[in-house]
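Everything below concerns the one structure shown next.
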Amino acid sequence: MSRLKSGLRGVLDDKLVERIPADVWARIQAMDAGQNEYGFDPFGFDPQFLKYIGAPAHWMYTKYFRAESHDIENIPNKGRVMLIANHSGQVAIDGFVMGSACLFDKNPPRMIRSMVEYWVPTIPFVSWMLARAGQVTGTRENARIILDREGCLAVFPEGVNGISKTYDRAYQLVDFGLGFMRLALEMNTPIVPVGIVGAEEQIPSIYNFKPLAKMMGLPAFPISPTGPMPLPVKYRLYFGEPMHFEGKPDDEDKVIRSKVNLVKGQIEKLLARGLDERKGYFF
């Protein structure tokens, strides 16, 4: 029976690989994920797991969202780096799109590790799937481990407040947390600012039903006239030049805030460029 299961799994895996464009599969295999002898990294990431999501991810990125990346070469090919981006859209598809850009558009491809909200892994099955796909619960210690291993860490400093804002505040950045800057100073890590245009329109929210969200244990409960499914908006991603900071990670908040505001300012410039260049939400 075990041989039969192994044989069926092998046939299924071969069929899955056949559905992935050859160049995409080559990129997946070429990624340096720092796996151990069992094929995993300390957080359970398995590059081979991407065969299960490679084909739909490529279709979503290239066909549904028709995403395009600009200046993605600003992400270093090697070494620790933090990608700091705006966050919006009610559902964290912007993180998926940014990760797909680093896999499908960047040469050589680079695996990014996103810090997900604490409550996300509590959803049944999701924690296992996120771990295998390379995502990590957003704790300071997890971030240190990734950077210590010379990884590429994606952080959305607006957090839940950014992703759940209503559409009347589209592309208006909310306050950034200070943690990412303290971490960058502690780990001597360059920061690449990222402006993401398109996510605000995927599920435009007109109201956040906070009492219902609290009742259901969710950070927000958006009410959208378009429903819960994301619209096929066109994503545009703009990667700024790496920013390097010096100082003490335990400096006073006002000192850290001044550095954070420099990153926030660069993201605002990237967003302004993207909004100026686009001609419509869907093209």
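I need the full set of residues from the range 141-167 which are more than 17 Å from the chain's Cα centre (by Cα) and in contact (Cβ under 8 Å) with a residue 12 or more places away in the chain, in order please.
If the condition is that a residue be more than 17 Å from the chain's Cα centre (by Cα) and in contact (Cβ under 8 Å) with a residue 12 or more places away in the chain, then 144, 145, 148, 149, 150, 165, 166, 167 are the ones that fit.
For the range 167-177, indicate whether the set of residues that are farther than 29 Å from residue 261 by Cβ, in contact with a helix residue (DSSP H, G or I) (Cβ under 8 Å, 6 or more places away or on another chain) and open to solvent by 40 Å² or more (accessible area, probe 1.4 Å) is non-empty.
no
Considering the range 210-259 alone, what residues qualify as being under 28 Å from residue 272 (Cα atoms) and among the acidic types (Asp, Glu)?
The answer is 241, 246, 253.
Filtering the range 181-219 down to residues that are acidic (Asp, Glu) and surrounded by fewer than 23 Cβ atoms within 10 Å (Cβ to Cβ), which residue is nearest to residue 78 (Cα to Cα)?
Restricting to residues being acidic (Asp, Glu) and surrounded by fewer than 23 Cβ atoms within 10 Å (Cβ to Cβ), the top hit is 186.
The values are calculated or read from the model by the stated rules, or taken from the named source; none is laboratory data. Only a predicted model underlies this, so the values are computations on that prediction, with no experimental measurement involved. For neighbour counting, all protein chains shown are included, and Cβ atoms are generated from backbone atoms with ideal geometry for every residue, glycine included. Heads up: the accessible areas ignore ligands, DNA and RNA and are worked out on the full protein's heavy atoms, side chains in. Shrake-Rupley method; radii C 1.70, N 1.55, O 1.52, S 1.80 Å.
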